[in-house]
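The values are calculated or read from the model by the stated rules, or taken from the named source; none is laboratory data. All values derive from a computational prediction rather than experimental measurement. Cβ placement follows ideal geometry from the backbone for every residue including glycine, while neighbour counts extend to all protein chains displayed. Keep in mind that these areas ignore ligands, DNA and RNA; they rest on the heavy atoms of the full protein, side chains included. Shrake-Rupley method; radii C 1.70, N 1.55, O 1.52, S 1.80 Å.
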Protein chains: 2
Amino acid sequence: MYNKGILLIISGPSGAGKGTVVKELLKEEGKYCLSTSVTTRAPRPGEEEGVSYYFRTEKEFKKLIENGSLLEYAIFCGNFYGTPTKYVEQQLSEGKNVILEIEVQGAIQVKEKYPDAVLIFLTPETIQDLQDRLRGRATETDEVINMRLRRAREEVGLLNKYDYVVLNDLVRNATERINAIVETEKFRAARNLDFSEQFLSKKGVDTNA
Amino acid sequence: MYNKGILLIISGPSGAGKGTVVKELLKEEGKYCLSTSVTTRAPRPGEEEGVSYYFRTEKEFKKLIENGSLLEYAIFCGNFYGTPTKYVEQQLSEGKNVILEIEVQGAIQVKEKYPDAVLIFLTPETIQDLQDRLRGRATETDEVINMRLRRAREEVGLLNKYDYVVLNDLVRNATERINAIVETEKFRAARNLDFSEQFLSKKGVDTNA
């Protein structure tokens, strides 16, 4: 049976609580890892190469794009951020589930390149809940909050591009749902098409499966 | 979120233990029901109309086929057996997960008509295990067992038509896997495309602001 990791893309509106849910998932010992991004931004004090980020020059970054070495990339505040394919594939082949926490457009971009990825739309129950959360942060102006709500409206319209929609009513509920999704995805027939060979080999049970 | 039942088709090679797993699933109070079949065979003592089967004449049965009232049907020993669409849809709309335990060709037939159905290929780990099980029954001749093994070889080649492959190494493991699949299937985005309306319906949020 399928023994590789699942590429788990957690996306959804800003304010849905993605960061908190991801932190909770990472507490499950040895089950998940976060993808380490490549960036052109300068390292901050304490940040380590290959741990916090892979730090690269803009020239080097553009080479990565040209070579198709990135699963997805985006530009924020004049800096490039991207997800290196090689790191992700290595972790997956070692059986680790890799979490990408990225915004909706990037998520859809990855799914197109990597159809085996599992796209999760993490969301509060209503846009009212989202507004309450964003107001609760008290770190953003009304203008920014309204911009985020407008985006959320667009994003929820892209639900058909996703595999699952997970309500984040309680962090514990959301992480349990995501854990169950990851486990059952490993039984998907599409991931186990080589099962027939294993089944037909008469040399007994493969205990590594 | 999705609040209808899941049409769960449990199929796989003869000797995989489908009957035992289905019996175990039905023990979960109120969660599953078995589809009641229509048949042209005569009622046996104690069998009740609408409970054991819906008993119909061959003429009535053929009418059901013509009207497209059956999800699938097959002929065994000169009698017709079929699954009435109406009963299944009623149970699903009441939030009950409906189990169909049918052979592989019938399963694929249902999936084509009803893409929302979840097709589970229930199987032992190897064809050797299957052979041991069939021998263990001690109810069938070597000839029949060999015929079943030949069919199993063909059936496992149809895995790509299925949604999930579930190992029946232990009945308890198999039922836990199937329960988890049914729960996570309810989060599938494709079953929740109306979520965006629910998400946006709350009054008091001016997302156009």
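Worth pointing out:
- Yes/no for A:T126 being more than 10 Å from chain B (Cβ to nearest Cβ), surrounded by fewer than 21 Cβ atoms within 10 Å (Cβ to Cβ) and farther than 26 Å from B:D163 by Cβ: no
- Within region B:155-174, the residues that satisfy the criterion of being more than 7 Å from chain A (Cβ to nearest Cβ), among the aliphatic types (A, V, I, L, M) and in a helix (DSSP H, G or I) are B:V171, B:A174.
- Checking each residue in region A:7-40 for being among the hydrophobic types (A, V, I, L, M, F, W, C) and in contact (Cβ under 8 Å) with a residue 60 or more places away in the chain picks out A:L7, A:L8, A:I9, A:I10, A:A16, A:V21, A:V22, A:L25, A:L26, A:C33, A:L34.
- Taken as a whole, the condition of being surrounded by fewer than 19 Cβ atoms within 10 Å (Cβ to Cβ), assigned to a strand (DSSP E or B) and at negative phi applies to B:A74.
- Criterion violated by A:E49 - all others in (1) surrounded by fewer than 19 Cβ atoms within 10 Å (Cβ to Cβ); (2) touching a residue at least 24 places away in the same chain (Cβ under 8 Å); (3) over 30 Å from A:L170 (Cβ atoms) satisfied: (2)
- Test: residue in region A:2-9 that is out of contact with any strand residue (DSSP E or B) (no Cβ under 9 Å at 6 or more places or on another chain), within 30 Å of A:S196 (Cβ to Cβ) and open to solvent by 10 Å² or more (accessible area, probe 1.4 Å): yes
- The residue of region A:20-44 that is nearest to A:E60 (Cα to Cα), among those that are open to solvent by less than 30 Å² (accessible area, probe 1.4 Å) and modelled with pLDDT under 90, is A:T36.
- Some residue of region A:144-154 being within 8 Å of chain B (Cβ to nearest Cβ), loosely packed, with under 15 Cβ neighbours inside 10 Å and among the charged types (D, E, K, R): yes
To keep it simple, each residue is scored yes or no on (1) among the hydroxyl-bearing types (S, T, Y); (2) within 15 Å of B:G12 (Cβ to Cβ).
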position: B:V110; (1), (2): no, yes
position: B:P115; (1), (2): no, no
position: B:T123; (1), (2): yes, yes
position: B:T126; (1), (2): yes, yes
position: B:L130; (1), (2): no, yes
position: B:R135; (1), (2): no, no
position: B:E154; (1), (2): no, yes
position: B:L158; (1), (2): no, yes
position: B:V165; (1), (2): no, yes
